[in-house]
Amino acid sequence: MTLSSLLVSTDESSAAVLRSVLEELDLQFEPCPDVARAAVRLAQERFDLIVLDCENQSDVVTLLEESRSTRANQNSMAVVVVSGQESIREMFSLGVNFVLYRPVSRERALSTLRAAQAVLRRDKRRKARAAVHTHATVDYADVEQARATLVDLAEDGMAVNFGKKLPPTCKVYFQFQLPGQSSSIRLSGQVVWQDWNGRAGVQFADVPKSSRRLLDDWLKKNLETSSKVALLEDRVEIEHTIRPSESSVAMEAHPPGKPTTAKSEKSRHSQLVEEHEAKTREARALSRLRAEPGNRRGQTRYACRIGAEVYQQGSKVRNYCHLSDVSPGGCYLEMPLAFPAGTPVEIIVRTHDIKLRLSGQVKASHPGYGMGVAFYLNTKDERHGVQQLIDFVATAAAADNS
């Protein structure tokens, strides 16, 4: 579950601490030391978390008001660094969720941002969005039968890749079929946020009863599948929080006089670890089976939906994208502004346990949709990293089928 954040810090020492903590928590962030540039980014793109550390309080107030005035960031979580308690009341009145005091210490920053991360993850799961990849035709303004791609879907809205910017607060009319359904869904909605690369959020306006039934049926089935993946992610986190070798420490941390509680916690943890390891072994066995020479494809591709960043080699310009499938030799990246075939690229992929940097070359380019990339795997560590990523995807697939 990728969370995006904007870090606005005009103090180098504070910025270094905050960057370190955000990286440790695996929170995707965009550093922005310039207040004017930050205001532009808040108008352009949606962020789950906004961290503000400005020298002048007036700049903090301006950026908070800017974020709350846009549909994209009006509900974003805000963390603000303050010098003292004098401004606390004003900060909370502007919708601040957490405050940090100067000088920013690593311990306090870690505690505060970890709490913010927990709230964001809980809220994202509560919103119950299911990943989807299907094409739609769209009418809006003076445009008819334009093509777009649905990215995720909820009861009251969806994320859509239009491949270009739409007029602000535009009303759009959709027609599409969801995977596994034969009937078309027709509905209208309102664009409530857009980012620079053509992705937008649409809130439903008018949904006919027949389309509502199709939506609800599909969501019921696919949200159950998504909840299994979320449970698997929780198990991975538990495994790395309390390892079996640390169980004695965990028992000592319980109040004396409640040994049965500690024992039950240890037993529950062991059961979860065993279940996760069993599913991992099953997924790896399936991976090896599919990779046998008799398979009709040279390299098995695993469907997935993982946030990533891609750079043209030698450039510092970050392009957000999604991996939609991965194999031992390459992957497909969904992004509207696909690079030309032959372009050398660098890709950064993050999961709960992995941060993977890979290089490769664009082999197939499909403007408006994405591109296929072949990996350059020159070292043992790079090959091991790709295998770790495939194991992660295969394990999630095994959970879907259980």
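The values are calculated or read from the model by the stated rules, or taken from the named source; none is laboratory data. Everything numeric in this text was worked out from a predicted model, so none of it was measured. Cβ: placed from backbone, ideal geometry, glycine included. Neighbour counts: every protein chain shown.
The set of residues in segment 342-371 being of a type in the set (Gly, Ala, Ser) and modelled with pLDDT of 90 or more consists of Gly342, Ser359, Gly360.
Among the residues making up segment 357-371, those that are surrounded by 16 or more Cβ atoms within 10 Å (Cβ to Cβ), under 21 Å from the mean Cα position of the chain (by Cα) and at negative phi are Leu358, Tyr369, Met371. Taking the conditions exactly as written (in contact with a His (Cβ under 9 Å, 6 or more places away or on another chain) and surrounded by fewer than 17 Cβ atoms within 10 Å (Cβ to Cβ)), does Arg147 satisfy them or not? Yes, satisfied. Under the condition of being assigned to a strand (DSSP E or B) and either within 22 Å of Lys164 (Cβ to Cβ) or touching a Leu at 6+ places or on another chain (Cβ under 8 Å) (or both), the residues counted in segment 321-344 number 9.
This table checks each residue for (1) surrounded by 14 or more Cβ atoms within 10 Å (Cβ to Cβ); (2) of a type outside the set (A, V, I, L, M, F, W, C); (3) touching a residue at least 12 places away in the same chain (Cβ under 8 Å); (4) more than 25 Å from Glu45 (Cβ to Cβ).
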| position | (1), (2), (3), (4) |
| --- | --- |
| Arg301 | yes, yes, yes, yes |
| Gly307 | yes, yes, yes, no |
| Asp325 | yes, yes, yes, yes |
| Cys331 | yes, no, yes, no |
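The condition of being without any contact (Cβ under 8 Å) to a residue 60 or more places away in the chain and more than 21 Å from Trp193 (Cβ to Cβ) holds for only one of Arg41, Arg19, that being Arg19.
Among the residues making up segment 130-156, a single one is closer than 12 Å to Gly201 by Cα and more than 19 Å from the chain's Cα centre (by Cα): Asp156.
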